[in-house]
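The values are calculated or read from the model by the stated rules, or taken from the named source; none is laboratory data. Predicted model, so just to flag it, every value in this text is computed and none were measured. Here the Cβ positions follow ideal geometry from the backbone for every residue, glycine too, while neighbour counts run over all protein chains shown.
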Amino acid sequence: MIELEQGSGIARIFLNRPQKVNALDARMLDELAARLEGLRQERSLRVVVLGGHGKVFCGGADVRELASLDQSSAPAFVAKVHRVCGAIRALPVPVVARLHGAVIGAGLEIAAACDLRIAAQGTRFAMPEVRLGIPSVVEAALLPRLIGSGRAAWLVLTGEPIDAERACAWGLVEELCAAAALDQATDRLVQSLLAADARALRLQKELLELWDEVPLAASIDASLARFAEAYAGGVPPALRRHTISRA
């Protein structure tokens, strides 16, 4: 149910349950988390792309599985969503969400955990949990940071979908493209990331995570330390090459 393609420093992971709109059940969440965690120690890795096969990126958590839960089993299921999102955030390289069709519930939480999001026009975004009698939890907590508290409240309190244009205007996605151009636009973004210095990109990803988690003063202190780390062993090769080319 999870497809992984690797090569040239790029890992492409696809949700592959198209007959069920890539709805996330426990088995699929465990497999996705394991795949992501397995990539963490790969030193040649530069970029991860997360997408979905079929008509939609992700239709959310599997409703039948949600209906089978009780008070004792519900936390363990939602913890699996958190494990996936945590594995995305723990990856030392940028993760790009390639979004199309629909990005619903737990699927939107997973997209929010990625570093960058690119969406095809016509994609719908929604957090409909309250309409199913449950709250939006775990990485739904990222939404106020991405789009502001009022817009996050609108999504999780009304459960109503928004279109791709509004998602982009709100800052939920960083780029929109025509549906037929999604692969091309995603590849262009990947190439832009590959153009950066690999070590610097890992340091920047680490800082982005710190900036999300710690107070401003601690963020600045950590930034100073990482900046010095970039000079370990001398002037960074990329900076040296740039200086020579401009001489």
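Hey, which of the helices (runs of 4 or more DSSP H) in segment 162-247, taking only ones fully inside, have at least 1 residues that are touching a His at 6+ places or on another chain (Cβ under 8 Å)?
Those helices (runs of 4 or more DSSP H) span 182-194.
Quick one: would you say V96 is crowded, with 19+ Cβ neighbours inside 10 Å, assigned by TED's automatic domain parsing to the domain that holds D25 and touching a Cys at 6+ places or on another chain (Cβ under 7 Å)?
Considered against the rule, which asks whether it is crowded, with 19+ Cβ neighbours inside 10 Å, assigned by TED's automatic domain parsing to the domain that holds D25 and touching a Cys at 6+ places or on another chain (Cβ under 7 Å), V96 comes out as yes.
Among the candidates A106, A97, which residue alone is touching a residue at least 12 places away in the same chain (Cβ under 8 Å), in contact with a strand residue (DSSP E or B) (Cβ under 6 Å, 6 or more places away or on another chain) and over 30 Å from R226 (Cα atoms)?
A106
Could you tell me whether L116 is among the aliphatic types (A, V, I, L, M), modelled with pLDDT of 95 or more, surrounded by 13 or more Cβ atoms within 10 Å (Cβ to Cβ) and under 17 Å from the mean Cα position of the chain (by Cα)?
When the stated conditions are applied, L116 passes them.
Against the definition (assigned to a loop (DSSP other than H, G, I, E, B) and touching a residue at least 24 places away in the same chain (Cβ under 8 Å)), how does L45 come out, yes or no?
yes
Identify all residues within segment 18-41 that are touching a residue at least 24 places away in the same chain (Cβ under 8 Å) and not in a helix (DSSP H, G or I); write none if there are none.
Result: V21, N22, A23, L24, D25, R40.
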